[in-house]
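Enquirer: I'd like to ask you about the structure that follows.
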């Protein structure tokens, strides 16, 4: 099985956030908060569903915390850790 890189996860997250928010992927910043990137509470639920669909990772069951969703990059890192288990 090929290991997915953080960059690949970030790219996929940008694509999903783009669908949810209507922003272009190139407008999204990995070092900014999900809120800055246009994600509200409903968008966050949609994003959690996307993560589950794309990688079969249930972040709520994994016990994500505030630090895990502080930036798009932090979220990608947490997903990567879950995939490595």
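Enquirer: Give me the angle, in degrees from 0 to 90, between the Cα long axis of helix 6-21 and the longest principal axis of the Cα atoms of the chain, rounded to the nearest 10.
Expert: The helix 6-21 is inclined about 40 degrees to the chain.
Enquirer: Suppose a student asked you for the relative contact order of segment 6-84, using Cα pairs under 8 Å spaced at least 6 residues apart; what percent would you report?
Expert: 37
Enquirer: Another question, if that's okay. Provide the gained length on full extension for the span residue 7 to residue 81, in nm with one decimal, where the gain is 0.36 nm per separating residue minus the Cα-Cα distance.
Expert: On the way: separation 74, 0.36 × 74 = 26.64 nm, distance 1.34 nm.
Computed gain between residue 7 and residue 81 is 25.3 nm.
Enquirer: With runs of 4+ DSSP H residues as the only contributors, calculate the mean residue ellipticity of the chain at 222 nm using -39,500 (n - 2.57) per run, divided by the residue total and rounded to the nearest 500.
Expert: On the way: 3 runs with 44 residues, N = 85.
Taken over the chain, the calculation gives -17000 deg cm²/dmol.
Enquirer: Further question on the same structure: List 36, 55 from most exposed to least, where exposure is judged by having the fewest other Cβ atoms within 10 Å.
Expert: On the way: 36 12, 55 16.
Ascending Cβ contact count within 10 Å gives the list 36, 55.
Enquirer: Follow-up. Under a GNM of the chain (C-alpha, springs under 10 Å), which listed residue has the highest mean-square fluctuation: 16, 26, 46?
Expert: Of 16, 26, 46, the Gaussian network model singles out 26 as fluctuating most.
Every read-out reported here was derived from the displayed coordinates using simple, explicitly stated rules and does not represent laboratory data. Because the structure is a prediction, the values reported are computed rather than measured. Please note: Cβ atoms are built from the backbone with ideal geometry, for glycine as well, and neighbour counts cover all protein chains shown.
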